[in-house]
Amino acid sequence: MFNRTLASHTLGGFTTSGRCSILSSNSSCSPEGKILETVGMFEAVKQHGKYETGQLFLHSVFGYRGIVLFPWHARLYDRDITPPMAESKPEPPGAHGSKEVKGKTHTYYQVLIDTRDCPHISQRSQTEAVTFLANHDDSRALYAIPGLDYVSHEDILPYNSAEQIPIQHELFERFLMHNPAKTPPFTSRDTLKAWQEKNHPWLELSDVHRETTENIRVTVIPFYMGMREAQNSHVYWWRYCIRLENMGSEVVQLRERHWRIFSLSGTLETVRGRGVVGREPVLSKEQPAFQYSSHVSLQAPSGHMWGTFRIERTDGSHFDVRIPPFSLESNKEDKAPPAGYTF
């Protein structure tokens, strides 16, 4: 049997028969009160093409059970690949380095996370959620749909299950229905199609940025959230999701962040602080990745962000990991606010 640690006290793995298992609590089991529980059978990983709506999977890094709602096509700007000068993206003003980066199309998926696994995803600052600016008079209001995630194609370990409701999430039965005649045996309801269509500008990711420094890979996905009017001016908001991955064998810890935020209005802001979202995560071979989301606002419809993370080795020495520059672009043509909050 091959097992990998997926989250604190949560294991998943392949057996010789291809079973997909999750380690779950059971008070009658000793000494740790945990047993392996079979949740399905692994399927072949797709090297080409895409997974369809209703595909069950385990996340290869964070270990949770999930189901695909629909795919997105993003432009991936990987600064670890040296491209031809054509098809490259220009650097933002003042960004570090002069390397131009070629974008390539890459498939990501909007997915539901099984709520039973959320407490065990220790290498995330929170269970992922899609956040919007709520459509009412309170300018500080933020609307969040918890248990939604964006997953890269290579992070999906597909499996199948005989259960008609294999994923526990409040939106599962609102968005999907069991259809044994289909493969996978879950199809989208009209509510899912309507929700995707109405919220397309607020859900779709367009750019993904990636860069590796001394075996630490940083991936950034920015999302436009909307605009607010405040004190006779417009304030534009974005969410950005950041994943750090230790591609080497050395144990390291994130200690500080250093951001530079450039606005089209001409301002350049510097932000320094300890850790990220109140944490200083350790990246090791056992838990190589950490992911979190945060928000930023500008008084202009576009701008750029870039920066560094200060990383500490076990001997106390430090090095800086580059955060790849990424654009903050508003959907200026999309005037309608996010919709589909209720069903």
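The values are calculated or read from the model by the stated rules, or taken from the named source; none is laboratory data. Note that the structure is predicted; figures quoted are calculated from it, not measured. Heavy atoms of the whole protein, side chains included, go into the accessibility calculation; ligands, DNA and RNA do not. Shrake-Rupley method; radii C 1.70, N 1.55, O 1.52, S 1.80 Å.
See the values below:
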| read-out | value |
| --- | --- |
| Per-residue ³J(HN,Hα) for the range 224-241, Karplus 6.51 cos²θ - 1.76 cosθ + 1.60, θ = phi - 60°, Hz, x for Gly and Pro | 7, 10, x, 10, 10, 9, 9, 6, 6, 9, 9, 10, 9, 10, 10, 10, 9, 9 |
| Given K104/K198; K46/K104; K46/K102; K46/K285; K198/K285, the pairs whose alpha carbons are separated by over 30 Å | K198/K285 |
| Protein-only accessible surface order, largest first, of H59, H169 at 1.4 Å | H169, H59 |
| Square roots of five times the Cα gyration tensor eigenvalues for the range 249-328, Å | 28, 12, 10 |
| Largest to smallest accessible area among F309, F42 [probe 1.4 Å] | F42, F309 |
| Protein-only accessible surface order, largest first, of R228, R272 at 1.4 Å | R272, R228 |
